[in-house]
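The structure under discussion appears below in the form of structure tokens.
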């Protein structure tokens, strides 16, 4: 198919006339999609500025393309007008969210009202787009809304303290320049030079490039901050790992194993051993309320607190009371549960005491059954002079014990907890301490489908 010279010349003339808008529109859409992609890659972050900026840029760029004479080559005049109006009545929503998010402010009554008005205008347009009088009234209302919001945003930015928002000086200048273009474009219909050209797209080009730079800088600063946090969390994780026993104690006729599965990089679960000699050992497990670094800091305090109890490791009630005395007044609103089991293999006896912790599970080889050993006092760190009791019982060859945190029994599947009975069933089946830990961890993972709701820590003991 051969194109006549006149047609080719007319097409070139059309493209040259639309060049500026086409360039702004294409660049805006490209920048918008890049911003949306970056937001998708960091969707878990609470900052949604890149999302609103991306939507704003894409919508504005698309409207810029629609407002060229070239758009008539691809769409009918009615379709072009409909889409321009639809974008006009919806673009205010990402613009408001972006502007408010850029200054780091939470949504308030004003922004919510503006968003509601924009949404109602868009819905009204969709319902009554065939009514010219209604559409004309909507455009007038939209112009008033845009001018009002733009002026309010400029005034708001110039009233903010300089240290309250990053890059506020640059942001003020950018919003002022674009705001003047926006205000001019929305009131030019009532100016004496009413038929003057529309230059808003020029202002938007300046605005877009400047804001893209500011958003990119914010993204880089955010990534650097996240990298620093990840580095600090990794250091905290290594420090916390160092406070846990590096290896299991080795006693004649006793096997000890432990499994530690934190929900996040650092956690509040803790376990420790007080080895008196080759026949006597104390085993502690504790659980700090909450998660993350605050809980991990308290767990590190437990390391010091339990070491101070070594002189009376054979007295479980005194050990728990000693931990409570050390922690009281130092937890800043947090609390700790703990359980302590002392075994004397030579005498064949055990002692147990706890503070608000899940029961000790004891598999009695002679009876081939599992029983819960309960001897709980107040949680640690609340009442400095709280008293605790201990429960004594006999132990025999083949007996097995399981200490665990509540993340084990409270592991959830569709709202149903794993529960103590399932833990007892695992303890009854497993043959030794290692097998107990592996079996419990495996069944918890299967039960929760790998999505842990809490830290999981298990300390198992088997008497050979």
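Tell me yes or no: at least one residue of the stretch 409-423 is in contact with a strand residue (DSSP E or B) (Cβ under 6 Å, 6 or more places away or on another chain) and surrounded by 16 or more Cβ atoms within 10 Å (Cβ to Cβ). Steps first, please.
The initial filter retains those residues of the stretch 409-423 that are in contact with a strand residue (DSSP E or B) (Cβ under 6 Å, 6 or more places away or on another chain), namely 410.
Checking the rest, the ones that are also surrounded by 16 or more Cβ atoms within 10 Å (Cβ to Cβ) come to none.
Taking every residue of the stretch 409-423 in turn, none turns out to be in contact with a strand residue (DSSP E or B) (Cβ under 6 Å, 6 or more places away or on another chain) and surrounded by 16 or more Cβ atoms within 10 Å (Cβ to Cβ).
Here is a check on your reading of the model: is residue 369 within 21 Å of residue 261 (Cα to Cα) and either modelled with pLDDT under 95 or surrounded by fewer than 17 Cβ atoms within 10 Å (Cβ to Cβ) (or both)? Outline the logic, then answer.
Numbers: within 21 Å of residue 261 (Cα to Cα): no; either modelled with pLDDT under 95 or surrounded by fewer than 17 Cβ atoms within 10 Å (Cβ to Cβ) (or both): yes.
The answer is no for residue 369.
If you go through the stretch 408-421 one residue at a time, do you hit one that is part of a loop (DSSP other than H, G, I, E, B) and within 22 Å of residue 324 (Cα to Cα)? Write out each step before concluding.
Quick first cut of the stretch 408-421, residues part of a loop (DSSP other than H, G, I, E, B) only: 410-411, 414-415, 418.
Going one step further and asking which of them are within 22 Å of residue 324 (Cα to Cα), we end up with none.
There is no residue in the stretch 408-421 that is part of a loop (DSSP other than H, G, I, E, B) and within 22 Å of residue 324 (Cα to Cα).
Only one of these is closer than 22 Å to residue 51 by Cβ and assigned by TED's automatic domain parsing to the domain that holds residue 55: 124, 180, 86, 162. Name it. Walk me through it before giving the result.
On the way: 124 fails: closer than 22 Å to residue 51 by Cβ; 180 fails: closer than 22 Å to residue 51 by Cβ; 162 fails: closer than 22 Å to residue 51 by Cβ.
The match here is 86.
Could you go through the stretch 220-229 and let me know if any residue there is modelled with pLDDT under 75 and within 30 Å of residue 380 (Cβ to Cβ). Spell out the reasoning first.
Start the filter on the stretch 220-229 by keeping residues that are modelled with pLDDT under 75, which leaves 220-226, 228-229.
Checking the rest, the ones that are also within 30 Å of residue 380 (Cβ to Cβ) come to 229.
Yes.
Give the residues of the stretch 345-361 that are in contact (Cβ under 8 Å) with a residue 60 or more places away in the chain and closer than 21 Å to residue 458 by Cα, sorted by residue number.
357, 358, 359, 361
Counting only residues that are assigned to a helix (DSSP H, G or I) and in contact with a helix residue (DSSP H, G or I) (Cβ under 7 Å, 6 or more places away or on another chain), which one in the stretch 152-165 is surrounded by the fewest Cβ atoms within 10 Å (Cβ to Cβ)? If you could, list the steps in order and put the result at the bottom.
So the first thing to find is which residues in the stretch 152-165 are assigned to a helix (DSSP H, G or I), and the list is 152-159, 162-164.
Cutting the leftovers down to in contact with a helix residue (DSSP H, G or I) (Cβ under 7 Å, 6 or more places away or on another chain) gives us 153-154, 157-158, 162.
Numbers: 153: 21, 154: 17, 157: 21, 158: 11, 162: 8.
So the residue we want is 162.
Determine, yes or no, whether residue 320 is under 25 Å from residue 461 (Cα atoms) and at pLDDT 95 or above. Step through it out loud before you land on a result.
Working: under 25 Å from residue 461 (Cα atoms): yes; at pLDDT 95 or above: yes.
Considered against the rule, which asks whether it is under 25 Å from residue 461 (Cα atoms) and at pLDDT 95 or above, residue 320 comes out as yes.
Which of the residues spanning the stretch 422-460 are outside any helix (DSSP H, G or I) and touching a helix residue (DSSP H, G or I) at 6+ places or on another chain (Cβ under 6 Å)?
Across the stretch 422-460, the qualifying residues are 430, 454, 455, 456, 458, 460.
Can you give me the number of residues within the stretch 386-400 that are in contact with a helix residue (DSSP H, G or I) (Cβ under 8 Å, 6 or more places away or on another chain) and assigned to a loop (DSSP other than H, G, I, E, B)?
So the answer is 5.
The values are calculated or read from the model by the stated rules, or taken from the named source; none is laboratory data. Quantities reported herein were computed from a predicted structural model and do not represent experimental measurements. Positions of Cβ are generated from backbone atoms using ideal geometry, with glycine treated the same way; all protein chains shown enter the neighbour counts.
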